[in-house]
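Read through the structure below, which is laid out as structure tokens, and then see the notes.
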Amino acid sequence: MTSQHPATPTVAAADSGRRPGWWRDAVIYQVYPRSFADADGDGMGDLEGVRSRLPYLRDLGVDAVWLSPFYASPQADAGYDVSDYRVVDPMFGDLADAERLIGDAHGLGLRVIVDIVPNHASDQHSWFRQALREGLGSPLRERFHFRPGRGEAGELPPNDWESIFGGPAWTRTVSSDGTPGEWYLHLFAPEQPDLNWENAAVADEFRSVLRFWLDLGVDGFRIDVAHGLVKAAGLPDIGHHDQLRLLGNDVLPFFDQDGVHEIYRDWRRILDEYGTDPDTRRIAVAEAWTPSVQRTANYLRPDELHQAFNFQYLGTAWDAEALREVIDLTLDAMRPVGAPATWVLSNHDVVRHLTRLGSGEDAEQDLRRARAATLLMLALPGSAYLYQGEELGLPEVVDLPDEVRQDPAFSRAKGTNAEGQEGMRDGCRVPLPWSGAEAPFGFGPVPGGPSWLPQPAEWAKLSVEAQTGDRSSTLELYRAALTARREHPALGTGDSVEWLDDAPAGVLAFRRSSPDGVFACFANTGDLAVRLAAPGRLLLASEPVTVVEDEILLPADATVWWAL
Ligand code: GLC
């Protein structure tokens, strides 16, 4: 652990971080609708399945649910290719199901955040189909990025941009007479043409879509690819391959352009029309992959959005020094804009944190580390995001057969040098095990029934039913942590931590204070157990520990919480 650090924030600074606002300390649980619960037994999760399991989420102790897209979609990118933003895809249910879900969630005290996908639409969206149909010169083409190709016969893409899913970011159209035509831009799959945000009709349409879901009662939006909407003027070449490292330091002409902020100021005005009471405010969280937490903070200025995912934290190794650095950087970046820090370890796009942080050699150790990482995350000031199934200690499924995989990144990366599971996203999307000894383990209504991705047989012992009531289980650890987080006055909202610099190397130790109580957290990221003075009453531990004569032996890969 380095000893040179910015001055330790004082308790007074911590108090100034305690502003009102439900999102400031909310624990937000991501539901991936395809894989959460399947009420109609077709092997695909649905809204009715989510609704039926809301009491489980209430009992888990989360504050809000974020639902990945359930809109009309050909599912070229698992619903992130939307063909109609106001329609529920029949595979998930209908609008009445969505309304019932929102109503029931509110009845249970849970808020509902829905995904909005403004960077691109589906190639089956009526605008894009009309743009293709009408051909060159169609005004509908202005709503996307159509360009003539380069080369003598327009046979080369208009610029050198690459798609996130591999290959060029451009696809050539075919005119009605069968001859090759213009190219269109898609930063993701060819089935996801990028929208042109310079076009007034695009901006108007999304204002209307926001209002549509706000009127239906949602509490906020998760903005997909929030950093991608504005492209640099002239769509300039980049000049090299291997461009789309999501968390690189490069400034790319299609990501994090300053023009995006005007869009979010506009959206903020709409959200604010629905009320500004801190307890009922509608909010937005940005999925913004930017080169730094400071750049991310730009999305959170007082007239912009409320939260952004902290991908720098997600990308940090299980290492005390690196964690301390990213925690400091985050809190220092958020304080000036007055936005809460957020923390996240897993989502539907990354390898589950149990597998990502683990060594892969010892399953028990990997689980211990994942539990320790979670307790550390939940002790930090601000809001936290959980991804469905992490509360069960689910690992990434790394051995899915090729023929069941649906992630477009998988098929587009074939034949390239993409390695292992990185960037392959089906392994974190396997349906949840709820109960029983036979797949789909209560995901669907019938034992032996289908699930869109196969579940490992060992998941029987990881099901909700198998873990409930077992105090040593990961599920009960999450429940206890979320209860303690609600109850302890120094947990949750805040904008600083007080590092305890006398902790041994490899141990991250900090205190948080409030007028009504003081809290401390120790996380041992090292390889060896360490003996530490107990600073107070043991509140919770990720592993069994005992306090003997005011000392604790803190095992490797363990986190403990204290009430002081
Ligand atoms: C976001 C989503 C991801 C999707 C991509 C394109 O990164 O989280 O799942 O593939 O956007 O919409």
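Restricting attention to segment 19-32, does a residue exist that is out of contact with any Lys or Arg (no Cβ under 7 Å at 6 or more places or on another chain), outside any helix (DSSP H, G or I), more than 16 Å from the ligand (Cβ to nearest atom) and at pLDDT below 95? Yes, segment 19-32 contains at least one residue that is out of contact with any Lys or Arg (no Cβ under 7 Å at 6 or more places or on another chain), outside any helix (DSSP H, G or I), more than 16 Å from the ligand (Cβ to nearest atom) and at pLDDT below 95.
For segment 36-56, a residue qualifies if it is over 19 Å from R222 (Cα atoms) and touching a Leu at 6+ places or on another chain (Cβ under 6 Å), and the qualifying residues are R51, L54.
Give me the residue from segment 337-366 that is in a loop (DSSP other than H, G, I, E, B) and within 16 Å of the ligand (Cβ to nearest atom) and, out of that set, farthest from R425 (Cα to Cα).
Kept after step one, since they are in a loop (DSSP other than H, G, I, E, B), are these residues of segment 337-366: 338-341, 345-352, 358-362.
Now narrow it down to the ones that are within 16 Å of the ligand (Cβ to nearest atom): 345-352.
Working: L345: 15, S346: 12, N347: 10, H348: 7, D349: 5, V350: 6, V351: 7, R352: 10 Å.
The residue in question is L345.
Residues in segment 247-258 that are surrounded by fewer than 16 Cβ atoms within 10 Å (Cβ to Cβ) and either under 20 Å from H106 (Cα atoms) or acidic (D, E) (or both): 2 in all.
Exactly one residue among S83, S73 is without any contact (Cβ under 8 Å) to a residue 60 or more places away in the chain and within 13 Å of the ligand (Cβ to nearest atom), and that residue is S73. Being of a type in the set (D, E, K, R), closer than 22 Å to H227 by Cα and within 24 Å of the chain's Cα centre (by Cα) is true of D81.
Out of the residues in segment 385-408 that are of a type in the set (A, V, I, L, M, F, W, C) and more than 16 Å from the ligand (Cβ to nearest atom), state the one that is surrounded by the fewest Cβ atoms within 10 Å (Cβ to Cβ).
Filtering segment 385-408 down to residues of a type in the set (A, V, I, L, M, F, W, C) leaves 386, 392, 394, 397-398, 400, 404.
After this cut, where a residue has to be more than 16 Å from the ligand (Cβ to nearest atom) as well, the list is 392, 394, 397-398, 400, 404.
On the way: L392: 21, L394: 24, V397: 19, V398: 14, L400: 21, V404: 11.
Ranking the candidates gives V404 first.
For T330, indicate whether it is part of a helix (DSSP H, G or I), touching a residue at least 24 places away in the same chain (Cβ under 8 Å), under 30 Å from G506 (Cβ atoms) and within 16 Å of the ligand (Cβ to nearest atom). Break it down stepwise before answering.
Details: part of a helix (DSSP H, G or I): yes; touching a residue at least 24 places away in the same chain (Cβ under 8 Å): yes; under 30 Å from G506 (Cβ atoms): yes; within 16 Å of the ligand (Cβ to nearest atom): no.
Answer is no for this residue.
Looking across segment 501-536, the residues that are surrounded by 18 or more Cβ atoms within 10 Å (Cβ to Cβ) and among the charged types (D, E, K, R) come down to R511, R512. Scanning segment 45-70 for residues that are among the basic types (K, R) and within 17 Å of the chain's Cα centre (by Cα) yields a total of 0.
Restricting segment 259-307 to residues that are under 27 Å from G107 (Cα atoms) and among the small types (G, A, S), the residue that is nearest to the ligand (Cβ to nearest atom) is A286.
From the list L229, L235, L185, exactly one residue is over 22 Å from the mean Cα position of the chain (by Cα), within 15 Å of the ligand (Cβ to nearest atom) and closer than 27 Å to T296 by Cβ. Which is it?
On the way: L229 fails: over 22 Å from the mean Cα position of the chain (by Cα); L235 fails: within 15 Å of the ligand (Cβ to nearest atom).
Exactly one residue qualifies, and that residue is L185.
Do you know which residues across segment 148-185 are under 22 Å from W127 (Cβ atoms), touching an Asp or Glu at 6+ places or on another chain (Cβ under 6 Å) and of a type outside the set (G, A, S)? Hits for segment 148-185 are P148, T173, L185. Return a yes/no flag: does segment 476-489 have any residue that is at pLDDT 95 or above, farther than 27 Å from A339 by Cα, in contact with a helix residue (DSSP H, G or I) (Cβ under 8 Å, 6 or more places away or on another chain) and surrounded by 15 or more Cβ atoms within 10 Å (Cβ to Cβ). Yes, because at least one residue in segment 476-489 is at pLDDT 95 or above, farther than 27 Å from A339 by Cα, in contact with a helix residue (DSSP H, G or I) (Cβ under 8 Å, 6 or more places away or on another chain) and surrounded by 15 or more Cβ atoms within 10 Å (Cβ to Cβ).
For P291, the conditions (1) within 18 Å of I113 (Cβ to Cβ); (2) modelled with pLDDT under 95; (3) not acidic (D, E) all hold with the exception of (1). The condition of being farther than 25 Å from E390 by Cα and crowded, with 17+ Cβ neighbours inside 10 Å holds for only one of D495, D550, that being D495. Among the residues of segment 494-525, just one is under 19 Å from M334 (Cβ atoms), out of contact with any strand residue (DSSP E or B) (no Cβ under 9 Å at 6 or more places or on another chain) and assigned to a loop (DSSP other than H, G, I, E, B), namely D495.
Is it the case that some residue within segment 241-254 is more than 16 Å from the ligand (Cβ to nearest atom), at positive phi and in contact with a Phe, Trp or Tyr (Cβ under 9 Å, 6 or more places away or on another chain)?
Filtering segment 241-254 for residues more than 16 Å from the ligand (Cβ to nearest atom) gives 241-242, 249-251, 253.
This time we only want the ones that are at positive phi, so: 242.
After this cut, where a residue has to be in contact with a Phe, Trp or Tyr (Cβ under 9 Å, 6 or more places away or on another chain) as well, the list is none.
Scanning segment 241-254 turns up no residue that is more than 16 Å from the ligand (Cβ to nearest atom), at positive phi and in contact with a Phe, Trp or Tyr (Cβ under 9 Å, 6 or more places away or on another chain).
In segment 338-355, of all residues being among the β-branched types (V, I, T) and in contact with a Phe, Trp or Tyr (Cβ under 9 Å, 6 or more places away or on another chain), the one that is surrounded by the most Cβ atoms within 10 Å (Cβ to Cβ) corresponds to T342.
Yes or no, residue by residue, for (1) surrounded by fewer than 17 Cβ atoms within 10 Å (Cβ to Cβ); (2) in contact with a helix residue (DSSP H, G or I) (Cβ under 7 Å, 6 or more places away or on another chain); (3) in a loop (DSSP other than H, G, I, E, B); (4) modelled with pLDDT of 95 or more:
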position	(1), (2), (3), (4)
V430	no, yes, yes, yes
S435	yes, yes, yes, yes
G444	no, no, yes, yes
G469	yes, no, yes, yes
L491	no, yes, yes, yes
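Within segment 165-182, is even one residue buried (at least 21 other Cβ atoms within 10 Å of the Cβ), within 14 Å of the ligand (Cβ to nearest atom), within 21 Å of the chain's Cα centre (by Cα) and assigned to a loop (DSSP other than H, G, I, E, B)? Within segment 165-182, one or more residues are buried (at least 21 other Cβ atoms within 10 Å of the Cβ), within 14 Å of the ligand (Cβ to nearest atom), within 21 Å of the chain's Cα centre (by Cα) and assigned to a loop (DSSP other than H, G, I, E, B).
Can you name every residue in segment 446-467 that is part of a loop (DSSP other than H, G, I, E, B) and either aromatic (F, W, Y) or at pLDDT below 95 (or both)?
Kept after step one, since they are part of a loop (DSSP other than H, G, I, E, B), are these residues of segment 446-467: 446-456, 463.
Once the filter is applied, which keeps residues that are part of a loop (DSSP other than H, G, I, E, B) and either aromatic (F, W, Y) or at pLDDT below 95 (or both), segment 446-467 yields only W452.
Yes or no: S411 free of Cβ contacts under 8 Å to residues at least 24 places away in the same chain, within 16 Å of the ligand (Cβ to nearest atom), small (G, A, S) and out of contact with any Leu (no Cβ under 9 Å at 6 or more places or on another chain)? Working first, answer last.
Details: free of Cβ contacts under 8 Å to residues at least 24 places away in the same chain: yes; within 16 Å of the ligand (Cβ to nearest atom): yes; small (G, A, S): yes; out of contact with any Leu (no Cβ under 9 Å at 6 or more places or on another chain): yes.
Taking the combined requirement at face value, the residue satisfies it.
For segment 87-97, the criterion of being within 16 Å of the ligand (Cβ to nearest atom), surrounded by fewer than 23 Cβ atoms within 10 Å (Cβ to Cβ) and modelled with pLDDT of 95 or more is met by at least one residue.
The values are calculated or read from the model by the stated rules, or taken from the named source; none is laboratory data. What you see is a predicted model, and the numbers here were worked out from it, not measured in a lab. Please note: Cβ atoms are built from the backbone with ideal geometry, for glycine as well, and neighbour counts cover all protein chains shown.
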